[in-house]
Amino acid sequence: MTAPLKRIFVNGFPSRYGGAGTELHHQIILWLEMGMDVNLIPTNGGAQNESLYLDMVRHGVHIHAPNDWTVLQPDDAIIGFCNAEFLDNLPAIREHTKRTVFVNCMTWLFDKEKERMREGMIGMFLYQNEEVRQKNMPLLKALNNDPSIVFLTFKPYFHNDSFPFVTERTDEYFGCGRISRQDSDKFARNTLHIYEYFVAPVFKRGLFLGFDHRSEAKIGRPYDWIRTARDQNEVSQQDFYKHCKIILQPTDTTENWPRIGFESMASGSVLIVDNRGGWRQMVEHGRTGWLCDHERDFIYYASKMAYEPHLREDMAEAARLRGLELGGMEASQASWEEVFEAMSRLPV
């Protein structure tokens, strides 16, 4: 009989902004609620300067020295959340524990991930999206068909309290926007064309959170009525969602399990996004948001939301409930209980 998992290690550090770091933060909140002993092994020095450092200490999270694998015991499990350094560190980690767990938050495989799979250095692969698991699992098994390697899908927890539902936004203008990293791939080339041609009964006011020279090189300089902010230090995520009645977000990427979907649903900003990737599992077209195949779809549904405020409000409320269903504490805790039980059965 295997001993239940009582503590968990993570190679990395959580953050308030950005996909994997933010997701890790929310999972830690859940793990603590579940009574887990949470341990962080940062990849670099300076953890004490991170915005969440004091919060982690206050909640009893143990923060070890960077890359100090000596704190690991053979029956400990350690997770890397979409962390390239974790893959680099695996040979050293495996000298202390074989229970190594990798979460790839992308829709494609890293070269180093494939290399470590060939070497048998990853004991478990975790996925937020079942479609991605079904796509990637056979590719990885073709590299190493060891039956002890586990592939599981979990339900990531989203901490709704961090993103309060906004019931009232100004009617003086129609607030719209997009939020992502500044990387050019996060922007569709026709982004400004879409923003220009959708119509509203009042002046439009746009806000792009996550924008710099790379973004501008891809799509051009935004119009005067669109404000840009480099990151959350200029405009907080909460203020961004207070501004946005809709999230109008065409991209060139295929998203896996986008955190901004949960943020938008919790905050009451209706999603108008690409009809592919994780958006298909997250958004119920016409009920909790809109899935778009062409720029005409983005323009049409943005205009529809501008001119039909009651429908928009109904969709925002339906999306709020959908977010709780997908990422609420009860569903996610049950999911993580299964994952932790599977971790406790990994070979030592």
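The values are calculated or read from the model by the stated rules, or taken from the named source; none is laboratory data. What you see is a predicted model, and the numbers here were worked out from it, not measured in a lab. Note: ideal-geometry Cβ built from the backbone for every residue, glycine included; neighbour counts use all protein chains shown.
Between V339, V273, the distinction of being in a strand (DSSP E or B) and modelled with pLDDT of 95 or more belongs to V273 only.
Evaluate region 15-27: report whether one residue or more is assigned to a loop (DSSP other than H, G, I, E, B), at pLDDT below 95 and of a type outside the set (G, A, S). Among the residues of region 15-27, at least one is assigned to a loop (DSSP other than H, G, I, E, B), at pLDDT below 95 and of a type outside the set (G, A, S), which makes the answer yes. Any idea which residue in region 110-127 is farthest from the chain's Cα centre (by Cα), counting only those that are in a loop (DSSP other than H, G, I, E, B) and more than 16 Å from I78 (Cα to Cα)? Among residues in region 110-127 that are in a loop (DSSP other than H, G, I, E, B) and more than 16 Å from I78 (Cα to Cα), the one farthest from the chain's Cα centre (by Cα) is E119. Quick check: anything in region 130-153 closer than 28 Å to Q232 by Cα, at pLDDT below 95 and under 22 Å from the mean Cα position of the chain (by Cα)? No, region 130-153 has no match at all.
Regarding region 62-74, can at least one residue be identified that is of a type in the set (S, T, Y), surrounded by fewer than 21 Cβ atoms within 10 Å (Cβ to Cβ) and in a loop (DSSP other than H, G, I, E, B)?
There is no residue in region 62-74 that is of a type in the set (S, T, Y), surrounded by fewer than 21 Cβ atoms within 10 Å (Cβ to Cβ) and in a loop (DSSP other than H, G, I, E, B).
In the set (1) buried (at least 22 other Cβ atoms within 10 Å of the Cβ); (2) touching a residue at least 40 places away in the same chain (Cβ under 8 Å); (3) small (G, A, S), G277 fails one condition alone, (1). Out of R296, R312, one residue alone is exposed (fewer than 15 other Cβ atoms within 10 Å of the Cβ) and either over 16 Å from the mean Cα position of the chain (by Cα) or among the charged types (D, E, K, R) (or both). It is R296. Every condition in (1) over 19 Å from the mean Cα position of the chain (by Cα); (2) surrounded by fewer than 20 Cβ atoms within 10 Å (Cβ to Cβ); (3) assigned to a helix (DSSP H, G or I) holds for L87 except the one numbered (2).
Restricting P201, P258, P222 to those that are surrounded by fewer than 22 Cβ atoms within 10 Å (Cβ to Cβ), in contact (Cβ under 8 Å) with a residue 60 or more places away in the chain and either of a type outside the set (V, I, T) or assigned by TED's automatic domain parsing to the domain that holds E130 (or both) reduces the list to P201. Summed over region 127-170, residues that are of a type outside the set (D, E) and within 30 Å of A316 (Cα to Cα) total 21. In region 133-152, what residues are assigned to a strand (DSSP E or B) and touching a residue at least 40 places away in the same chain (Cβ under 8 Å)? If the condition is that a residue be assigned to a strand (DSSP E or B) and touching a residue at least 40 places away in the same chain (Cβ under 8 Å), then V150, L152 are the ones that fit.
Return the only residue of Y157, Y195, Y173 being of a type in the set (S, T, Y), touching a strand residue (DSSP E or B) at 6+ places or on another chain (Cβ under 8 Å), crowded, with 21+ Cβ neighbours inside 10 Å and under 30 Å from D231 (Cα atoms).
Every option except Y195 fails the conditions.
Within region 226-255, restricting attention to residues that are surrounded by fewer than 22 Cβ atoms within 10 Å (Cβ to Cβ) and touching a Gly at 6+ places or on another chain (Cβ under 6 Å), the residue that is farthest from L324 (Cα to Cα) is I226.
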